[in-house]
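Just so it is clear, none of the values below were taken in a lab; they were calculated from the coordinates. None of these values were measured; they are calculated from a predicted model. All Cβ positions, glycine included, derive from the backbone under ideal geometry; neighbour counts span all protein chains shown.
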């Protein structure tokens, strides 16, 4: 395990996609369905990318519909997800473990179930769990709080610069995934 062993943590929180599993989401189909949500509401989105559509959705009152569409794609992708090498470390911790993800919480749970990780994960905070999302520190701090820990004694494990920024903003130790796998 690449996690620093010289530090005792009271909780560990993992990112999901790219860290524990690789979701098999057809993002092109998700984007097309997202555009359909906007068009059904009479909103022309031009050539906007999926993330900008997600950010614009509340301004047009389609955020719940868009979330439903994206979460459905992510759940299907979670059902076909690939377990990554770092998932093998989740059960090794003697402290509470959580997941903090930009994916829908329901998709996270599907992936955790698929790869027999659910019994080792005490809380899941997804994109749809709070009004804020990574890199805002709120989701990570919520996961840590639910685990009964303090940020100063927690570790966040992730695979992106967004994960690293989230940890820094929450004043939580961060560990990069050493080998994200296939």
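Report the residue, chosen from 147, 16, 130, that carries the largest GNM mean-square fluctuation when the chain is represented by alpha-carbon nodes joined by springs under 10 Å.
Among 147, 16, 130, the largest GNM mean-square fluctuation belongs to 130.
If you count, for each residue, the other Cβ atoms within 10 Å and average over each peptide, how do 78-91, 98-111, 49-62 line up from highest to lowest?
Order by mean packing, descending: 98-111, 78-91, 49-62.
State the three equivalent ellipsoid semi-axes of the chain, derived from the C-alpha gyration tensor as the square roots of 5 times its eigenvalues, in descending order and whole Å.
For the chain, the ellipsoid semi-axes come out as 30, 17, 13 Å.
Can you give the FRET efficiency to the nearest 0.05 for residue 178 and residue 8, using r as the Cβ-Cβ distance and R₀ = 30 Å?
0.90
Quote the relative contact order of the chain in percent (integer), defining contacts as alpha-carbon pairs under 8 Å separated by 6+ residues.
It comes to 29 percent, rounded to a whole number.
So how far apart, in nm, are the two label points at residue 162 and residue 29 if each is 7 Å from Cα heading toward Cβ?
2.1 nm
Just to check, using Stokes-Einstein with a Kirkwood Rh over alpha carbon pairs, what's the diffusion coefficient of region 70-168 at 37 °C and 0.692 mPa s in µm²/s?
239 µm²/s
If R0 is 22 Å, what FRET efficiency do you get for residue 145 and residue 93 from their C-beta distance, rounded to 0.05?
Step by step, r from the Cβ atoms, then E = 0.80.
Taking the inverse of the average 1/r across all pairs of different Cα atoms in region 27-78, what Kirkwood radius in Å do you get?
After inverting the mean inverse Cα-Cα distance, the result is 10.8 Å.
Report the residue, chosen from 168, 32, 149, that carries the largest GNM mean-square fluctuation when the chain is represented by alpha-carbon nodes joined by springs under 10 Å.
32
Taking the DSSP beta bridges in the chain as the whole, what percent of them are antiparallel, to the nearest 5?
10 percent
Multiply the residue separation of residue 169 and residue 132 by 0.36 nm, subtract the distance between their alpha-carbon atoms, and state the gained length in nm to one decimal.
Going from the current span to full extension adds 12.0 nm.
Which semi-axes, in whole Å and largest first, does the equivalent ellipsoid of region 1-107 have when worked out from the alpha carbon gyration tensor as the square roots of 5 times its eigenvalues?
34, 14, 11
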